[in-house]
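Inspection log for the structure reproduced underneath, given as structure tokens.
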Amino acid sequence: MADLPPALSGFWVTFKTQFKKAVTEQYPDQKVATKPRFHGRHQLNRHPDGLEKCIGCELCAWACPADAIFVEAADNTETERYSPGERYGRIYQINYLRCILCGLCIEACPTRALTMTNEYELADDDRSKMIYERHDLLAPLQPGMVAPPHSMVAGATEKDYYLGSVTGATYEQRVEVDDRAADGAGPVEQPSNVRQPATPRPPEVAE
């Protein structure tokens, strides 16, 4: 085939393909499992007691080549704490109209707060729904966790959290959350599996 002109060589590849068995995937009726390391929808992870790992450092936003991430941090207080650090991501948005799922953001995250799941069905007929908010990205609460805001484990430091010394919510944390709910004090965390209308992004990162 080396003696054939380039155009004929290309047609030869097409001709050979006609005799190969077609591979047809019956999507979406039959979905093929993705590879374990597949880069899909992002997830904001939690510590074992329910506090968020995100500290609002904005490194993920700086690393994003598509300018798809917007983060605005706020300070934790003793009465309203969402993460073990000084700050947390009060606003966290990922614009999936821009995101190229490259994974550079998760490489930049210093606390492993941001990872990527195997979820790939992100299409929608409404552009506003393609901007995922913090409550859309937060990992669901697992057994042993309580929803923030609440204090850190008594006697534990920020370093203890990142070393994995905290294994779950304590009795005192559960009582604190129950008392807060009974008093109606503090913001109620949105369920992470409920999609809410997106709020407009700031002008400098708007689509």
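The values are calculated or read from the model by the stated rules, or taken from the named source; none is laboratory data. For clarity, every value in this text was computed on a predicted model and none was experimentally measured. Positions of Cβ are generated from backbone atoms using ideal geometry, with glycine treated the same way; all protein chains shown enter the neighbour counts.
Of the set (1) within 28 Å of R98 (Cα to Cα); (2) in contact (Cβ under 8 Å) with a residue 60 or more places away in the chain; (3) touching a Ser or Thr at 6+ places or on another chain (Cβ under 7 Å), all apply to I55 but (2).
Going through D183, D179 one at a time, which residue ends up being at pLDDT below 90, loosely packed, with under 14 Cβ neighbours inside 10 Å and of a type in the set (D, E, K, R)? It is D183.
Take R81 and tell me if it is among the basic types (K, R), surrounded by 13 or more Cβ atoms within 10 Å (Cβ to Cβ) and either touching a Pro at 6+ places or on another chain (Cβ under 8 Å) or more than 28 Å from L141 (Cα to Cα) (or both).
Judged against the criteria, R81 is a match.
In the stretch 129-139, the condition of being in contact with a Gly (Cβ under 7 Å, 6 or more places away or on another chain), closer than 19 Å to I55 by Cβ and not in a strand (DSSP E or B) is met by at least one residue. Restricting the stretch 93-112 to residues that are charged (D, E, K, R) and in a loop (DSSP other than H, G, I, E, B), the residue that is nearest to Q43 (Cα to Cα) is R112. Does R81 count as assigned to a strand (DSSP E or B), within 22 Å of M145 (Cβ to Cβ) and not hydroxyl-bearing (S, T, Y)? In short, no. Summed over the stretch 123-163, residues that are among the β-branched types (V, I, T) and either without any contact (Cβ under 8 Å) to a residue 60 or more places away in the chain or surrounded by fewer than 16 Cβ atoms within 10 Å (Cβ to Cβ) (or both) total 1. Between a residue in the stretch 66-89 that is free of Cβ contacts under 8 Å to residues at least 40 places away in the same chain and any residue that is surrounded by fewer than 16 Cβ atoms within 10 Å (Cβ to Cβ) and among the aliphatic types (A, V, I, L, M), which pairs come within a Cβ distance under 6 Å, given they are 6 or more apart or on different chains? Every condition considered, the pairs that remain are A66/I100; E72/I91. The residue pairs whose first member lies in the stretch 100-111 and is modelled with pLDDT of 95 or more, whose second member is surrounded by 15 or more Cβ atoms within 10 Å (Cβ to Cβ) and assigned to a helix (DSSP H, G or I), and whose beta carbons are closer than 6 Å, counting only pairs six or more residues apart or on different chains, are L104/A63; C105/C60; C105/A63; A108/L59; A108/C60; A108/A63; C109/C60. The residues in the stretch 34-70 that are assigned to a loop (DSSP other than H, G, I, E, B), over 21 Å from G164 (Cβ atoms) and within 13 Å of the chain's Cα centre (by Cα) can be counted, and the count is 4. Annotation: R90 fulfils all but one of (1) part of a loop (DSSP other than H, G, I, E, B); (2) surrounded by fewer than 16 Cβ atoms within 10 Å (Cβ to Cβ); (3) not hydrophobic (A, V, I, L, M, F, W, C); the unmet one is (1).
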